[in-house]
1. How much space per residue, in cubic angstrom, does the convex hull of the C-alpha atoms of segment 1-150 take up?
2. Rounded to the nearest Å, what's the spacing between the alpha carbon centres of segment 27-75 and segment 228-295? Just the number, please.
3. Of the residues L138, L157, L262, which exhibits the maximal mean-square fluctuation in a Gaussian network model of the chain defined by a 10 Å Cα contact cut-off?
4. Using the scaling law 2.2 N^0.38 Å as the reference, what is the normalised Cα Rg of segment 170-289?
5. Just to be sure I understand the curve: with the Debye formula and one point per C-alpha of the chain, what is log10 I(q)/I(0) at q = 0.13 Å⁻¹?
6. Compute the orientation-averaged projected area for segment 12-64 from the convex hull of its Cα atoms and round it to one decimal in nm².
7. Taking segment 10-352, how many lysine pairs are there with alpha carbons less than 25 Å apart, if each pair must be eight or more places apart or span two chains?
8. How high is the relative contact order of the chain, in percent, with contacts defined as C-alpha pairs under 8 Å that are six or more residues apart?
Amino acid sequence: MLRTWRQRVTLTDVFIWLIGLAIAAAVVWGTIKTLELHLYTGSGWADLTIRGLALGGVYALIAMGYTMVYGILKMINFAHSEVFMSGPFAAVFVALGLSKSGFLDRQPVLGLAIIAVVAMGVSAGIALLLERICYRPLRTAPRLVPLITAIGASFFLQYTFRGLFGSGSFGYPAIKALSGSFTIAGIQIFNTQAVVIGGAVVMMLILFGIVQWTKIGKAMRAVSEDKEAAELMGINVDQIIVFTFFLGGASAGAAGVLYTLLFPVVNFYMGFIPGIKAFTAAVLGGIGNVPGAFLGAIILGLLESVGPNLFLTGLGIPSPSQLKDAIAFIVLVLILIFRPTGILGERISRDKA
């Protein structure tokens, strides 16, 4: 038995596990020291939690695109971050026009709906173009080929937007109806945060309902399970793949609008960091699993918001919130070390078996 263990576990495995355990030990120690300092009140932790839920909702909608495309084609669409960027970038001009005319303040709900429809339409359209031009001709190619193509398409879209609109940033107009905050059980919640959380939950329920309870959703799950068998059963595989890209692109566009409510500035590079974090959320929840994408995104949003203050303050690190982006990469490393299939990935493997 000892000989078998030695054959299975290499020195590299031991070294990686030691790194993971060291990170976990630092997190536990930092958390204990932070709580002993009593620097944050209960309302302060509650504010960070609300912020994390809002971020997690946005990441969940972006992660849906990654996880659905992976479930169908078994590839990571790294250009999805630019699909996310394109929607709010195009919609900012609509938002500025509506604000200048005063329509956005007179009819904020209808104005936001128009902005969301434009963003979702542009993102969905670009996702469809990516599928038709970049990915469909490479479906039978080795997996590395579409992966490299996706990275190339990502750069192409970034610099296309930079060439068309410049390298500067565009600001979304403030909406008077969303200014201010309200209090629930002593917890202050900003109106924008409430809209983002509510909008993300509604969109996730719609997407989950489409995948789980509609005929085309059943076809999507059949294609994900076995493309050849699904085609023999009369399912149009090309049509299902196109619809999957459309659905993922539309959810990314909706996520872009919600993201601009939290950070009302867009530029050609805005999709990179949220895209990486959404991919991390998809891996955390179990890539290819719709509920897993939502669960992983919420966990990641909370870790990003609460984690720096909770883990790093007690270690004496100044301005720990500036290291929030590092949390996503640390989580990705830990997941790949301790549970590569993700939180719900093992259950999917069992179900398929």
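1. Hull volume over Cα atoms, normalised by residue count, gives 207 Å³.
2. That distance is 18 Å.
3. So, out of L138, L157, L262, the one fluctuating most is L138.
4. It is 1.35.
5. Each listed q corresponds, in turn, to -1.08.
6. 5.6
7. Taking segment 10-352 as the scope, the lysine pair count is 13.
8. So the answer I get is 34 percent.
Laboratory data are not the source of any read-out in this text; all were calculated from the coordinates shown. In this text the structure is predicted, and so the values were computed from the model without any measurement.
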